[in-house]
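Visitor: Once you've had a glance at the structure underneath, I'll fire off some questions.
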Amino acid sequence: NAAIKLAGAYSHFGKGDEARSWYDKGIAMGADDHIINEVQLPDETRLISGVINGKLRVNGVVPAGARVGLFVWKENDPEEIEPWIMGSRLAAITDLGGEGTFSFKNLGRHSYRLAVKTDRTSIPYDIAVEQISLKNAPGIISLDLANPAVDLGVIEVSVD
């Protein structure tokens, strides 16, 4: 299993030959299938310049001090972002631009989810989740060589 994890590390840093070598060693040593399936070896061409852009509004205005987090999402992850995922899968975080814009650049081939952090006045922390509605929520965002850039448009959050 350690050889497969090394293959994943080498793959992450674009070292395809080393990744393949450790991957093959792990297979030969009988690595567990669930560990093997977590590793993506680089294709001949690797996506390293993926982009996700969008805008955020809360009740029609740009929320002051808001931040947007980008998290790697895996196929078996729960529908909602769990706290343990937030800690272990954070890919990037950014502040909103003046017009509520956000942009994540230099992304790899993955599926992603967004999370938004605002102050208490924009989205009160003590209200029921049913009082919050979303328009144009992106759900799972996938980037790959065929789809390296995604413009999410305006994500609108309404708080009752």
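Just so you know, all these numbers are worked out from the coordinates, no wet-lab data involved. Since the structure is predicted, the reported quantities are computational estimates derived from the model, not experimental observations. Cβ coordinates were reconstructed from backbone atoms using ideal geometry, including for glycine residues, and neighbour counts include every protein chain displayed.
Visitor: Test of understanding: extend the Cα→C-beta vector of Ile81 to 7 Å, then name every residue of the range 95-118 with backbone N under 17 Å from that spot.
Guide: Those under the cut-off are 95-97, 101-105, 107-108, 110-118.
Visitor: Follow-up question, since we're still on this one. Cα axis of helix 2-12 to longest principal axis of the chain: angle in degrees, 0 to 90, nearest 10?
Guide: 60 degrees
Visitor: Additional query: Could you tell me the convex hull volume per residue, in Å³, taken over the Cα atoms of the chain? Could the numbers behind the result be given before it?
Guide: Working: hull volume 19.0 nm³, N = 160.
So the per-residue hull volume is 119 Å³.
Visitor: Using the Karplus curve 6.51 cos²θ - 1.76 cosθ + 1.60 with θ = phi - 60°, what ³J(HN,Hα) values do you get for each residue of the range 47-53, in whole Hz, with x for Gly and Pro?
Guide: These are the phi-based 3J(HN,Hα) values: 6, 10, 10, x, 9, 10, 10 Hz.
Visitor: Could you calculate the contour length gain from Ala28 to Val129, that is, 0.36 nm times the residue separation minus the distance between their Cα atoms, to one decimal place in nm?
Guide: Values: separation 101, 0.36 × 101 = 36.36 nm, distance 4.94 nm.
The Ala28-Val129 span can extend by a further 31.4 nm.
Visitor: Whole angstrom only: what separates the Cα centroid of the range 86-160 from the Cα centroid of the range 1-54?
Guide: 27 Å
Visitor: Moving to a separate point now. Please identify the chymotrypsin sites (Phe, Trp or Tyr not before Pro) of the range 1-104 that satisfy two criteria: DSSP loop assignment and at most 15 other Cβ atoms within 10 Å. Which are they? Kindly include the intermediate steps, with their values, before the conclusion.
Guide: Values: sites: Tyr10, Phe13, Trp22, Tyr23, Phe71, Trp73, Trp84, Phe102, Phe104; in loops: Phe13.
Listed in order of number, the matching sites are Phe13.
Visitor: What full-extension length gain, to one decimal in nm, is calculated for Asp160 and Ala64 as 0.36 nm per residue of separation minus the Cα-Cα distance?
Guide: Numbers: separation 96, 0.36 × 96 = 34.56 nm, distance 1.83 nm.
Extra length from Asp160 to Ala64 when fully extended: 32.7 nm.
Visitor: Once you put a point 7 Å from the Cα of Ser142 and another 7 Å from the Cα of Asn1, both along the Cβ direction, what distance in nm separates them?
Guide: Taking the two extended label points, one gets 2.9 nm.
Visitor: Checking the cross-link filter: which lysines have an alpha carbon closer than 20 Å to that of Lys117, excluding same-chain neighbours under 8 positions apart?
Guide: Hits, sequence-local ones excluded: Lys55, Lys105, Lys135.
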